[in-house]
1. Compute the long axis of helix 41-71 from its Cα atoms, compare it with the longest principal axis of the Cα atoms of the chain, and write down the angle in degrees, 0 to 90, nearest 10.
2. Counting only other residues whose beta carbon sits under 14 Å from that of Lys475, what net charge do I get with K and R as +1, D and E as -1?
3. Please grab the % of Cα pairs in the chain that end up more than 42 Å from each other.
4. At a 10 angstrom cut-off on C-beta neighbours, averaged per residue, how do the peptides 26-34, 154-162 rank from highest to lowest?
5. Mind jotting down the three principal axis lengths of the range 455-544 based on Cα atoms? Whole angstrom, largest first.
6. Considering only C-alpha atoms, what is the centroid distance from the range 454-494 to the range 540-590, in Å?
7. How much space per residue, in cubic angstrom, does the convex hull of the C-alpha atoms of the range 181-230 take up?
8. Could the peptides 574-586, 355-367 be put in order, highest first, of the mean number of other beta-carbon atoms found within 10 Å of their residues?
Amino acid sequence: MKWDLDRIKPKGLPEIEVKKALNEVDQRLATFVVDRNTAKEEGIIQNVLEAQDIYQEWYQLFEYVICLHSIDTTNDDAAVWLHSVNEVYSRYQMLETTLDQLFASASERDWGAVLQDRRVRDIEVLLDRRRHQQLQLNNDSIEAAMKSLQADGLHAWGEMNQLAASKVSITLNEKEVKAQNVPALIYYGADREIRLKGFEQWKTAWEREAPICAKAMNHIAGFRLSQYKARGWDSYLKESLDANRLTEETLDAMWQAVLENRQPFYDYIKQKKDLFQATELSWTDQFAPLALEQQGKVVPFKEGVAFIENHLHSFDPKLAEFTRQIIKDHWVDSQPSELKSPGAFCAPMPINKESRIFMHYHENLESVGVLAHEIGHAYHYRLLQELPMYRQDCPIVMAELASTLTETIVMRAAIEAATDPMEKLNLLNQQLVRDLVTILNSYIRHQFEVKLYEKRKSGFVKASELNQLMEDVQKEVMGDLFNTYDPTFWASLRHFYFTHKPFGHYPYTIAHLLSIGFYTVLEKTDRPGVLFDEILIDASILSVEELVEKHTGMDPTSSEFWALSLEKVFDDIKLFIEISDGVKKGEANK
């Protein structure tokens, strides 16, 4: 299936309309003047409303260009536009900084009047949060300078990883496989022999590109460390924690629960080793499908959509109807292509009140799960598109809630409905792989970044050191489960080079475990669809602590809350081991 971008603003030929739209946003920014003498109620409100409108224009243009660039990575024009859009974003950030300074300079009386004004009623909490954060900063001129340098000093380095990826390929069965199609084969492929062979080539290919990736990674971390030093911040997690609306106490409690409860994940991986009948495990085996009868089940796109619709309907009919409508309206581009960038995403288009879903649908259950995940994003965006733009731009922790919950709803319903042991086992494995990636492997990625930032304080970290650092963290978390590890993962994972939001791995773990906790709440209510919407709308404004307390009554700064969510995962592991033991006995008796 191919998506329809023609009705998305800017309409018309991208070669003409993107440049025009860029110029329009840039011109609005250039003529926007914030006068500190207008730090009164009406002046502040008018500035906020105008800035929010500019941000909406920029945001849609950014997502549109991302779509153009991702659908055809050979499109040089799109690559140039993406850089230009990032430059414009840096200028918007300078405007935001100036506005935040305006907020901070307002008297308590004037600021109180702003928060009481009906025109900002839906965003008053966000504005007050921004003012509070601005009051903690030291030097207005330094902040403005740092924002102006981000396009070339930060975001451009993130783009270097895409350049490196364009040079990477491996050869399997005498056919060249481009970088964007390799992960599906070497991490999630059913053929173990091909998977292991491809994995070794993958590591070798990224070893060749490691020096340029190391340079990019060092400059990204170095820029941020310079920023934080100028601000007088001791913690390099502060920016990320503030953006994701949670405290370091909550993050520490979550990781404590994960690390104290690792053993069931080890048991799951060891059980897969037995099912593979392997003497040793490669790093990629933990993510792989099972070598059983149904692991190669083909699920055509239409069948996958029907699968999602059916299971969402049992939870909430309007979610199923939403799925049906976006397929009908061509919101999805699902066809695998070597021209497309790897991965999957959902791009919200706030002006059109639509979204576009990008993915490589490989006609398997894993792809069905990815599609369900992205449909969850699209549903969340559609709910929020009735709110002001500043409410629509959720932090990662909150943005991943709907997607993870939707995927959970679909996959758990499918697991419960499965009567064939093989089918249930494969569905459980798919669910547990997702848990493993989002929980333990996210911790590995997070710890790698934490250690990288510590080392970067002392100077440039060479590619060989980054390889060793990655492998050391993998071994530290996973122990001696594997005979081969993935030392170049820091280079091959594009997520490490997303520069707009630092430390972007733990938010997925938080969202994943939150979704499990909320799913338990939704299971117990007779109005799950209504409560689901309430949680998603609250996620656009509340902190993690406020959201958890409101909808579960529990305290997320305690590891007990996170341990309860992990128990649901461990129940699945117990069931997986129980069913697979039965399968092994059945195979032995044949």
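1. Between helix and principal axis, roughly 40 degrees.
2. Details: positive: Arg262, Lys451; negative: Glu471, Asp472, Glu476, Asp480, Asp486.
That sum, taken over residues with Cβ under 14 Å, equals -3.
3. Details: 34468 of 173755 pairs.
When all Cα pairs of the chain are counted, 20 percent exceed 42 Å.
4. Details: 26-34: 13.6, 154-162: 19.3.
Top of the packing list down: 154-162, 26-34.
5. 55, 33, 20
6. 28 Å
7. On the way: hull volume 4.4 nm³, N = 50.
Cα-based convex hull of the range 181-230, divided per residue, equals 88 Å³.
8. Values: 574-586: 14.5, 355-367: 21.5.
Answer by packing, highest mean first, reads 355-367, 574-586.
FYI, it's all coordinate maths here, none of it is from the lab. Since the structure is predicted, the reported quantities are computational estimates derived from the model, not experimental observations. Neighbour counts are summed over all protein chains in view; Cβ atoms, including those assigned to glycine, are modelled from backbone coordinates with ideal geometry.
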